[in-house]
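Trainee: Pasting a structure here, questions to come.
The values are calculated or read from the model by the stated rules, or taken from the named source; none is laboratory data. Computed from a predicted model, the values in this text were never measured in an experiment. Counting neighbours? That spans all protein chains shown, and the Cβs are built from the backbone with ideal geometry, glycine included.
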Protein chains: 2
Amino acid sequence: MRERDVLEEFRPLFRPRSVAVVGATNNPFKLGYHALAAVRSAGFEGEVYPVHPREEEVQGLKAYPSVEALPEGVELYIFAVPGPAAVEEAGKAARRGARAGVIFAGGFREMGAEGERLQRELARRADEAGMKVVGPNCIGVLNPSGKLNATFAFPLSWFPPGDVAVVSQSGGMGNVILNHMLDERVGLSKFVSLGNRANLDFHHVLEYLAEDPETAVICLFVEGLDHGREFLEKASLAASRKPVLVYSRGYSGKASRAALSHTGASASSEEIYRGAFRQAGVLAVDSAEELVCAAKALSLGAVPRGEGLFLCTHTAGPAIALAEICERGGLRFPDLRAELASAMEEFLPPGAAPGNPLDAFAFAWTDPSIYLRAVDLALSQEDVHAAVAVFASGAASGIRFPFREYARLGKEHGKPVYLCVLTPFLTPGELDQAREEGIPTYNTPEKAGKALVRAAEYHRLSRDRASR
Amino acid sequence: MRERDVLEEFRPLFRPRSVAVVGATNNPFKLGYHALAAVRSAGFEGEVYPVHPREEEVQGLKAYPSVEALPEGVELYIFAVPGPAAVEEAGKAARRGARAGVIFAGGFREMGAEGERLQRELARRADEAGMKVVGPNCIGVLNPSGKLNATFAFPLSWFPPGDVAVVSQSGGMGNVILNHMLDERVGLSKFVSLGNRANLDFHHVLEYLAEDPETAVICLFVEGLDHGREFLEKASLAASRKPVLVYSRGYSGKASRAALSHTGASASSEEIYRGAFRQAGVLAVDSAEELVCAAKALSLGAVPRGEGLFLCTHTAGPAIALAEICERGGLRFPDLRAELASAMEEFLPPGAAPGNPLDAFAFAWTDPSIYLRAVDLALSQEDVHAAVAVFASGAASGIRFPFREYARLGKEHGKPVYLCVLTPFLTPGELDQAREEGIPTYNTPEKAGKALVRAAEYHRLSRDRASR
């Protein structure tokens, strides 16, 4: 049945053989300077063509006076010029065989009738030529593994590659999500800031990401949907293959999409959206941080195959906070079978009672092997589907959580093990170590708890789908 | 009426003239090594006395073989020895005139009847001598301005001084709160990890902090209260002078205090606690992050004197998220008066409509003076009580938010101005700049929104108190 090759359709956008930057300049106070600097700093390996009406050389590269002067068949065009000019240039690029374009400029649908007309004209030209246009009114596209930075922010050239994709209607919220990913050390497969969605909308990108072998988890920020039915269809398809998470805002009052949204989205009610997301098998989350924390767990495949959780700690306060979030989110802490409890008793310090959650007091901080032994026992119980350890960073004390051994335990039991290491973002060495071992690790109990709840919810969604 | 000098009563704990570390050692695998290293790395300026039965010199200091061998009148004793020994040594210290002590060890009330007896014995000895004991089963005390680090974590010696106090029942959650403060660049006045509260409980420390001139905001983490009436009385007193915030967890199921808490607190219902906090004029928050973000705003005195907020952005997505949190939290976005709207129209870019929230599109990113002019107009309207600007970090683009001028506007109007700069924690230069200007600044819309909601709630609490 499938005759279209959606990967090849999108290849010119995410992995083009050549890129033209229209508006590229030597003037660092212009957007076109930053757009070209972004492409080059990422180490893009294909041909790069700056287009500027007067400059002969831009940032050390031969410049071309116009789109018409470029060779035929440049695949991706980045338009760093104002709105009306971008529409003109996009038309020319389409005629010269452009396959994809990125338009940063505003001045379209978000600005009333005249902008709306301009945007329709842009879409018409792009559609006729089969050219995919990201934007207008967006911050562009990233593909770290393809060394493509089609934004105007060159620091994004160093964004770590990974398998989490981000599609954001809002450039600003896209930025917020990328920032959380940096903080959480989550690598990126593809980033698309959709903006006004002239001819490229959520459902198109979802169809691609469902197939993209580099993407294991898809994160969306949605302000409003123009094509609800198509979204549901493609989100549902994508969610049948990999986790799809959505953060959506702007339902009510002065914060509503109608009142404040420059991507021209239509307003709708929260209930309708929530229902649609559920129906599509998409996980809805409540903040950008939660989106990224859940994506981190899912990208590591840390999906508990049930609601039973074992918690082990040396410090009760954070464990209480974590456990409460988990219980409110539908997870349970099964009692340990009698023989496991007595086996646990053998190595627990005096005064510590076997249990779930388990508090092994400060003894487990100075001797973290207690965690390993307790988790090994607990995971052997059938209705315990995952473990989480809460540990205060041993920074400078010489005490270190046994990341590798803990990760191995999880693999041996075939059950995910999570870690909450209490450490500031400013001294994150331990977060790096844990990530290297493939353990979903968070530096606060709130983040760890929410990630666990969402991962378990993902399992339920998948199970429900399978039983339909 | 007041004859007690509570500041002087607590001085030996927070600003002692001399400190003894019982259990100090040259062995870096012992707690006593870290306890002494912590005292010294903080640059403590009084006398420091290591106590070790056999060593003659510990970490370059003359060591004393026993508490009895110390000079009379050492003010603060830090006990880095196991539980039963700590009780013995605390008794001796009390007899030699100790005024305050910190006991890290566990093995007390959290471990059943025998531990309970030991703790009562400790409290009896301390009470008799008028010695204040922090702990047992805690991570200690910090007073950055007094160069006191009475914990066993020497990195805390470099914690920035400030005017926010933290009192945590749980050492682990204390750690989480301190980590958030580091991330948010919030300075610390006093930190107390209460642990098992042998003879020092929330109400005692609250009475002190209410008077402490170095403390402007008090943050609490409560797992459970033994002395509800005393807590209410002292929290209420403190809250009449400065903001008191509380994060409390552990109400239900396996996460309950009864099931998992090594500080031996009794369980109670969430409703009872919430009601009590409200009655005392204490602000209850829902996470450690929210605790710190709200404290940051309150410590800068950024209290809106009403519910009216003006929001200005160049990027709609994050602004929508922020606005929605504010509206759900009871803030409003008043319409601007006609003459203000038309004055605003004069400098707004084409297509941008005067309004609240105001989206001035990317024009306001490249020319942030638009923020200043818009906020200046909006704050002149009576029912607008605060402003918040949402701005994408200009990192490396050369674009920079006008922190100083924005802060000055707030001062001129006598109304707080907040900032949400979308930047990762990993590249926080802009957060530092904004903090220097005294603007409450957050790097996500969720944090900014919650801080604004809590600051406005603080105003309502204060107003309600005044009208009683």
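Trainee: When the residues of region A:218-255 are narrowed to those that are in a loop (DSSP other than H, G, I, E, B) and over 21 Å from A:ALA288 (Cα atoms), which ends up nearest to the chain's Cα centre (by Cα)? Spell out the reasoning first.
Mentor: Of all residues in region A:218-255, those in a loop (DSSP other than H, G, I, E, B) come to A:223-227, A:240-243, A:249-252.
Those left that are additionally over 21 Å from A:ALA288 (Cα atoms): A:226-227, A:240-241.
Numbers: A:ASP226: 22, A:HIS227: 22, A:SER240: 18, A:ARG241: 16 Å.
Among those residues, the one meeting the criterion is A:ARG241.
Trainee: Here is a further query. What number of residues in region A:200-217 are over 30 Å from A:PHE425 (Cα atoms) and either part of a helix (DSSP H, G or I) or of a type in the set (D, E, K, R) (or both)?
Mentor: From region A:200-217, those over 30 Å from A:PHE425 (Cα atoms) are A:200-213; that's our starting set.
From what's left, either part of a helix (DSSP H, G or I) or of a type in the set (D, E, K, R) (or both): A:201-212.
Within region A:200-217, residues that are over 30 Å from A:PHE425 (Cα atoms) and either part of a helix (DSSP H, G or I) or of a type in the set (D, E, K, R) (or both) number 12.
Trainee: Can you confirm whether region B:135-145 contains a residue that is under 27 Å from B:ARG249 (Cβ atoms) and without any contact (Cβ under 8 Å) to a residue 24 or more places away in the chain? Spell out how you get there, then give the answer.
Mentor: Residues of region B:135-145 that are under 27 Å from B:ARG249 (Cβ atoms), as a first pass: B:135-144.
Of the ones still in play, those that are also without any contact (Cβ under 8 Å) to a residue 24 or more places away in the chain are none.
So far as region B:135-145 goes, no, none of its residues is under 27 Å from B:ARG249 (Cβ atoms) and without any contact (Cβ under 8 Å) to a residue 24 or more places away in the chain.
Trainee: Do you know which residues across region B:375-418 are of a type in the set (A, V, I, L, M) and within 14 Å of another protein chain (Cβ to nearest Cβ)?
Mentor: B:ALA378, B:VAL384, B:VAL388, B:ALA389, B:VAL390, B:ALA392, B:ALA395, B:ALA396, B:ILE399
Trainee: For B:SER393, state whether it is surrounded by fewer than 20 Cβ atoms within 10 Å (Cβ to Cβ) and under 34 Å from the mean Cα position of the chain (by Cα).
Mentor: Considered against the rule, which asks whether it is surrounded by fewer than 20 Cβ atoms within 10 Å (Cβ to Cβ) and under 34 Å from the mean Cα position of the chain (by Cα), B:SER393 comes out as no.
Trainee: Here's a follow-up. Residue check: is A:ALA353 out of contact with any Lys or Arg (no Cβ under 9 Å at 6 or more places or on another chain), within 14 Å of chain B (Cβ to nearest Cβ) and touching a residue at least 40 places away in the same chain (Cβ under 8 Å)?
Mentor: no
Trainee: Sticking with this one: Suppose the filter is out of contact with any helix residue (DSSP H, G or I) (no Cβ under 7 Å at 6 or more places or on another chain) and among the hydrophobic types (A, V, I, L, M, F, W, C); does B:MET111 pass it?
Mentor: Considered against the rule, which asks whether it is out of contact with any helix residue (DSSP H, G or I) (no Cβ under 7 Å at 6 or more places or on another chain) and among the hydrophobic types (A, V, I, L, M, F, W, C), B:MET111 comes out as yes.
Trainee: Another question about this same structure. Name, by its number, the condition in (1) touching a residue at least 12 places away in the same chain (Cβ under 8 Å); (2) surrounded by fewer than 18 Cβ atoms within 10 Å (Cβ to Cβ) that does not hold for A:PHE29.
Mentor: A:PHE29 satisfies every listed condition except (1).
Trainee: Given (1) over 27 Å from A:THR423 (Cβ atoms); (2) within 14 Å of chain B (Cβ to nearest Cβ), identify the lone condition not met by A:LEU178.
Mentor: Here A:LEU178 meets the rest and fails (1).
Trainee: Restricting attention to region A:22-46, which residues are aliphatic (A, V, I, L, M) and either within 18 Å of A:TRP158 (Cα to Cα) or under 23 Å from the mean Cα position of the chain (by Cα) (or both)?
Mentor: Listed by number, the residues that qualify are A:ALA35, A:LEU36, A:ALA37, A:ALA38, A:VAL39, A:ALA42.
Trainee: Can you tell me which of A:ILE320, A:ILE370, A:ILE325, A:ILE272 is among the aliphatic types (A, V, I, L, M) and closer than 27 Å to B:ASN443 by Cβ?
Mentor: A:ILE325
Trainee: Looking only at region A:185-199, decide whether some residue is farther than 29 Å from A:PRO424 by Cβ and surrounded by fewer than 24 Cβ atoms within 10 Å (Cβ to Cβ).
Mentor: Yes, the conditions are met somewhere in region A:185-199.
Trainee: Considering only residues of region A:321-346 that are among the acidic types (Asp, Glu) and closer than 16 Å to A:LEU309 by Cα, which is farthest from the other protein chains (Cβ to nearest Cβ)?
Mentor: Checked region A:321-346; the qualifying residue farthest from the other protein chains (Cβ to nearest Cβ) is A:ASP335.
Trainee: Please enumerate the residues belonging to region B:93-122 that are surrounded by fewer than 17 Cβ atoms within 10 Å (Cβ to Cβ) and either in a helix (DSSP H, G or I) or within 14 Å of chain A (Cβ to nearest Cβ) (or both).
Mentor: B:ARG95, B:GLY112, B:ALA113, B:GLU114, B:GLU116, B:ARG117, B:ARG120
Trainee: Starting from residues that are within 27 Å of A:ARG241 (Cα to Cα) and among the hydroxyl-bearing types (Ser, Thr, Tyr), keep the ones in region A:146-171 and report whichever is nearest to the other protein chains (Cβ to nearest Cβ).
Mentor: Here the residue is A:SER170.
Trainee: So, in region B:277-324, how many residues would count as being in a helix (DSSP H, G or I) and under 23 Å from the mean Cα position of the chain (by Cα)?
Mentor: Qualifying residue count, region B:277-324: 15.
Trainee: Right, another one. Given the condition surrounded by fewer than 17 Cβ atoms within 10 Å (Cβ to Cβ), without any contact (Cβ under 8 Å) to a residue 40 or more places away in the chain and part of a strand (DSSP E or B), answer yes or no: does some residue in region B:47-60 qualify?
Mentor: Within region B:47-60, one or more residues are surrounded by fewer than 17 Cβ atoms within 10 Å (Cβ to Cβ), without any contact (Cβ under 8 Å) to a residue 40 or more places away in the chain and part of a strand (DSSP E or B).
Trainee: Another question, if that's okay. Which of (1) among the β-branched types (Val, Ile, Thr); (2) more than 23 Å from A:MET181 (Cβ to Cβ); (3) surrounded by 23 or more Cβ atoms within 10 Å (Cβ to Cβ) is the odd one out, the single condition A:ILE399 does not satisfy?
Mentor: (3)
Trainee: If you don't mind, there's one more thing I want to ask. Do any helices (runs of 4 or more DSSP H) entirely within region A:395-468 hold 3 or more residues that are in contact with a Pro (Cβ under 8 Å, 6 or more places away or on another chain), and if so, which?
Mentor: Hits in region A:395-468: A:445-466.
Trainee: Within region B:367-383, does at least one residue satisfy the condition of being in a loop (DSSP other than H, G, I, E, B) and buried (at least 23 other Cβ atoms within 10 Å of the Cβ)?
Mentor: No; the residues of region B:367-383 include none that is in a loop (DSSP other than H, G, I, E, B) and buried (at least 23 other Cβ atoms within 10 Å of the Cβ).
Trainee: Still on this structure, please answer the following. Could you please give the count of residues in region B:186-195 that are in contact (Cβ under 8 Å) with a residue 60 or more places away in the chain and in contact with a Leu (Cβ under 9 Å, 6 or more places away or on another chain)?
Mentor: Residues flagged as in contact (Cβ under 8 Å) with a residue 60 or more places away in the chain and in contact with a Leu (Cβ under 9 Å, 6 or more places away or on another chain) within region B:186-195 amount to 2.
Trainee: I would also like to ask the following. Could you tell me which numbered condition B:ALA434 fails, if it satisfies all but one of (1) in contact with a strand residue (DSSP E or B) (Cβ under 7 Å, 6 or more places away or on another chain); (2) away from chain A (no Cβ under 14 Å); (3) at pLDDT 90 or above?
Mentor: Condition not satisfied by B:ALA434: (3).
Trainee: Then there is this: Could you give every pair whose Cβ atoms fall below 6 Å, whose first residue belongs to region B:61-77 and is at negative phi and loosely packed, with under 12 Cβ neighbours inside 10 Å, and whose second residue is among the small types (Gly, Ala, Ser) and not in a strand (DSSP E or B), counting only separations of at least 6 or pairs across chains?
Mentor: Every condition considered, the pairs that remain are B:GLU72/B:GLY97.
Trainee: Which residues, counting only those in region A:155-194, are under 17 Å from B:ALA316 (Cα atoms), in contact with a helix residue (DSSP H, G or I) (Cβ under 6 Å, 6 or more places away or on another chain) and not in a loop (DSSP other than H, G, I, E, B)?
Mentor: Listed by number, the residues that qualify are A:VAL167, A:SER168, A:GLY172, A:MET173, A:VAL176, A:ILE177, A:VAL192, A:SER193.
Trainee: In this structure, is A:PHE310 among the aromatic types (Phe, Trp, Tyr) and surrounded by fewer than 20 Cβ atoms within 10 Å (Cβ to Cβ)?
Mentor: no
Trainee: Tally the residues that are part of a strand (DSSP E or B) and either surrounded by fewer than 18 Cβ atoms within 10 Å (Cβ to Cβ) or of a type in the set (S, T, N, Q) (or both), restricting the search to region A:1-26. Step through it out loud before you land on a result.
Mentor: Within region A:1-26, the subset part of a strand (DSSP E or B) is A:18-22.
Subset that is either surrounded by fewer than 18 Cβ atoms within 10 Å (Cβ to Cβ) or of a type in the set (S, T, N, Q) (or both): A:18.
The qualifying residues number 1.
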